[in-house]
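Written out below as C-alpha cells is the structure these notes cover.
Bear in mind these aren't lab numbers, they're just calculated from the coordinates by the rules spelled out. Just so it is clear, the model here is predicted, and its values are computed rather than measured. Heads up, the Cβs are rebuilt from the backbone with ideal geometry, glycines too, and the neighbour counts pull from every protein chain shown.
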Amino acid sequence: MSERCLSVVMPCFNEAATVLAAAERVLGSPYVDQLVIVDDGSTDGTRELLGKLDDPRVEVLYHETNQGKGAALRTGFAASRAEFVIINDADLEYDPADYRLLLAPLLDGRADVVYGSRFVTTEARRVLLFWHSMGNRLLTTLSNMVTNLNLSDMETCYKAFRRSVLDRITIEEDRFGVEPELTAKVAALGCRIYEVGISYAGRTYDEGKKITWRDGVAALTCIVRYSRLRGGRARGR
C-alpha cells in the first residue's frame, strides 16, 4: 500500500484532554502526508496546546468562534492537498491503525468513498449507550431510504474520500447535519461507496462526549432537506 497519500482533517472543539494524543496517533500512521486541525473556537486551553505540535505535516487553522463540525470540515477540506482525505475527530474514539482498511478500496481503484462501520465489524468495539446506538441506526436507515444506499453506519466519523470527490461538493451544513449531507451528496454524484468494519472506543458523556438528541433531530431534518438530491446531482463548487 502506498505511503504518505493521505490528508487527515481533524475538527476540534474543547478537546484539551485528548487532542495532542489524537494528533500523535494520526501522525504515527505511515499513510499521513498532512494533518489539518481546525480548532473551532475552543475555550478550554485546546488552542494553546495545538501550538506545541512540532511536525511539518501539521497545519492548524483557527475559527474565532464555535461554528460547528460542518464548518470545521469545510475549512479543513479546503486546506487538504493529498490524493485521499479522511475525517478523524480529536477524541480518541477512532483508531488511525484502521486507515489501512479504509484506504484499501481507494488505492486498488474500487471505491471513490469509504465509510468505516462501527456496527458491521470484527474489530474491537466498546459496548455502551444503547439508545445512542439505536438513534444512529434509525438515522442510517432513514438516510438509506432517501439515498437508496445500504450503509450500516451513516453517522460514522471515519469517512474517506478521493480528493476529486470533495472538489465536487460544497458543504452547506455548519453542524452535525454534515454527516447526512455528505452521504446524500456522494450518493447523488453516483460515487462508488464502500464500507469496511473498524474498531471503536466510544466514550460516555462523563468522559466528554458532546453529541446529544438535539443533534439527532437536526440530522433528521437534514436527511429530509437533502432528499431533494435523490436521482439528481450534488451541488458543486
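Let a ≥ b ≥ c be the square roots of the eigenvalues of the Cα gyration tensor of region 1-141; is it rounded (a/c under 1.5), or, if not, prolate (a/b larger than b/c) or oblate? Because a/c hits 1.5 or more and a/b fails to exceed b/c, region 1-141 counts as oblate.
Note on residue 141 and residue 201: with the Förster distance fixed at 22 Å, the Cβ-Cβ geometry gives a FRET efficiency of about 0.35. This structure gives Kirkwood radius over Cα pairs in Å, computed directly, and of (1) 20.5; (2) 18.6; (3) 17.8 that value is listed as (3).
Placing +1 on the Cβ of every Lys and Arg and -1 on the Cβ of every Asp and Glu, with no other charges, gives the chain a dipole of roughly 1020 debye about its Cα centre. Each residue of region 110-118 is assigned a 3J(HN,Hα), and the resulting list reads 7, 10, 9, 9, 10, 9, x, 8, 7 Hz, derived from the Karplus form 6.51 cos²θ - 1.76 cosθ + 1.60 (θ = phi - 60°), x at Gly and Pro.
In the chain, the calculated helix contribution to ellipticity at 222 nm averages -10000 deg cm²/dmol per residue, counting -39,500 (n - 2.57) for every DSSP H run with n ≥ 4. For residue 134 and residue 150, the difference between the fully extended length at 0.36 nm per residue and the C-alpha to C-alpha distance is 4.1 nm. For the chain, the longest piece that avoids every one of the GluC sites (Glu not before Pro) found in DSSP loops with at most 13 other C-beta atoms within 10 Å covers 65-206.
Residue farthest toward the positive end of the dipole of region 6-229, with Cβ of Lys/Arg at +1 and Asp/Glu at -1: which of 53, 11, 166? My answer, from the dipole projection, is 166. About its Cα centre, region 44-118 has a charge dipole of approximately 220 debye under the convention of +1 per Lys or Arg Cβ and -1 per Asp or Glu Cβ, with nothing else charged. With R₀ set to 22 Å, the beta-carbon distance separating residue 217 from residue 17 gives a calculated FRET efficiency near 0.20. For residue 97, project a label point 7 Å along Cα to C-beta. Then give me every residue of region 9-42 with its amide nitrogen under 19 Å of that point. Residues passing the 19 Å test: 21-32.
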